[in-house]
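One structure is given below, encoded as structure tokens.
No lab work stands behind these numbers, since they all come straight from the coordinates. Because the structure is predicted, anything quoted here is derived from the model rather than measured. Methodologically, a virtual Cβ is constructed for each residue, glycine included, from the backbone with ideal geometry; neighbour enumeration extends over all protein chains shown.
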Amino acid sequence: MITPARIGTIAFLGVLLGCQHQGDASLQPGAVDIAMQGGPGASSTARTRDSIAPRVITRVPTPDTLRGLYVNRWAALGRKLNDLIGVAKRTEVNALVIDVKDDRGFVLYRSSVPLAREIGADTADGHWMSGAKLRAVLDTMAAHKIYPIARIVVAKDPLLAQKKLDLAIKRKSDLKPWLDKNGKPWLDPHQRVVWQYAVDLAREAHELGFSEVQFDYVRFPDEKRLISETIYPLANGRTRAQVIRDQLGFVRSALKPLGMRVTADVFGLTATDTTDMGIGQRWEMFVDQVDVVLPMIYPSHFARGTYRLRNPNAHPYQTIDHALKDAIARSDSVPNAASVIPWYQDFTLGAPRYGAAEIRAQKKAGYDNGFQSWILWNPKSNYTLAALEPQT
């Protein structure tokens, strides 16, 4: 049984690691070789010179079996992206999930989306990927049949929330922006502008050559005090889960005419917990609103005692096995349910230290339940190569 206390523990662990796919704060600008194209004060003329010229796009088709790695923004800007492309060329990996908009609100490259330009999302930290480098990256991936996925964070966007206060979640007490435990504002998921921004960025990424868009943070903040401290004028009586369902439906309908596959990351426990966990993610309410749902089934994020396991982190096979069986059962009752591709853990959070054996155990649990596809998450984009099979 999943108790509120256990859910709270999971949320706390999520904060420690960045449960909903947060970037690593230790990766500072000087830590990698950055592709710089000016600074936050760059002129509109400079922006025009750096615009990404139209080109013939060779779009990589969706692989029948998708096996991917997450690439954070700093890794994408530096040398590490080339290294990870090399990993994909040598191993079973055939997809890379690249931060196009991260959880700070920063866009990877100079954008033509008006809102991104207005708030400086594409120049906010003084670093961005040049048009030439983006073209080279996507062309190289296409040449080697490596499937490029654009990750776009939706509700956790402190940059937009600070620039456009009307879009931020508000406190009941004074209608000022509500701040999370890190002192950052969040976007109100009720706001259609928030989701339209994600749609516009997704369209742009697709036009530039990304084959798929993966939406992350399609939820409310995971802090219990949120419910008592905040107010939502646009709710109109809807539950949080209904709001997330409605917004995902809007995103999908907006992007479907382009032939895009629309996917969404969700908490790993959503496959087991029958509530919305306070974040608006209830399995039956979202699983038919996207083409693929990606539960983040990280054993370290499951509370002790979950699935009757004293320490789920120490039992990666059993934890993944239980979670995926629940996902199968929950989806069976929903017509037109999305396919499921699990995220697996390639990082250490508590004992034991995760290495090739633990990663292989997670993969095996997936295979044994009929899930041949997977994506590995490491916040620094450092992966355990010994856990990967060579390319056949």
Trypsin sites (Lys or Arg not before Pro), restricted to segment 109-173: which are DSSP loop and have at most 11 other Cβ atoms within 10 Å?
172
Whole-Hz ³J(HN,Hα) from phi, Karplus 6.51 cos²θ - 1.76 cosθ + 1.60, for segment 105-116, glycine and proline x:
x, 7, 8, 5, 9, 4, 9, 9, 6, x, 5, 4
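What does the net charge come to around residue 85 if you take all other residues with beta carbon closer than 12 Å to its beta carbon, with K and R at +1 and D and E at -1?
+3
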Report the label-to-label distance for residue 165 and residue 329 in nanometres (one decimal), using points 7 Å from each Cα along the Cα→Cβ vector.
4.9 nm
Residues of type lysines that residue 80 reaches as a straight line, Cα spacing below 20 Å, ignoring anything fewer than 8 places off in the same chain:
89, 101, 133, 145, 380
With point charges of +1 on the Cβ of Lys and Arg and -1 on the Cβ of Asp and Glu, referenced to the Cα centre of the chain, which listed residue (371, 319, 66) lies farthest in the positive direction of the dipole?
319
Could you tell me the convex hull volume per residue, in Å³, taken over the Cα atoms of the chain?
133 Å³
Once amide hydrogens are built 1.01 Å from N within the peptide plane, the residues lying 5 or more places from residue 266 or on another chain with amide H under 5 Å from its amide H are 294, 296
Once Lys and Arg get +1 and Asp and Glu get -1 on their Cβ, which of 241, 309, 357 lies farthest toward the positive end of the dipole of segment 241-392?
357
The answer for residue 147, listing residues at least 5 apart or on another chain whose modeled amide H is closer than 5 Å to its amide H, is 95, 96
For residue 168, what residues show an amide H to amide H distance below 5 Å, using hydrogens built from the backbone and excluding near sequence neighbours?
188
Hey, what do the phi angles of segment 375-382 turn into as Karplus ³J(HN,Hα) couplings, whole Hz, using 6.51/-1.76/1.60 and θ = phi - 60°, x for Gly and Pro?
9, 9, 10, 9, x, 9, 6, 9
What are the ³J(HN,Hα) values, in whole Hz, obtained from phi via the Karplus relation 6.51 cos²θ - 1.76 cosθ + 1.60 with θ = phi - 60°, for each residue of segment 123-131 in sequence order, with x given for Gly and Pro?
9, 4, 9, x, 9, 7, 8, 5, x
Share, in percent, of DSSP beta bridges within the chain that are antiparallel, nearest 5:
15 percent
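Summing -39500 (n - 2.57) over the DSSP H runs of n ≥ 4 in the chain and dividing by its residue number, what mean residue ellipticity at 222 nm do you reach, to the nearest 500 deg cm²/dmol?
-10000 deg cm²/dmol
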Assigned charges on the beta-carbon of Lys, Arg, Asp, Glu; the chain dipole about Cα centre (debye)
340 debye
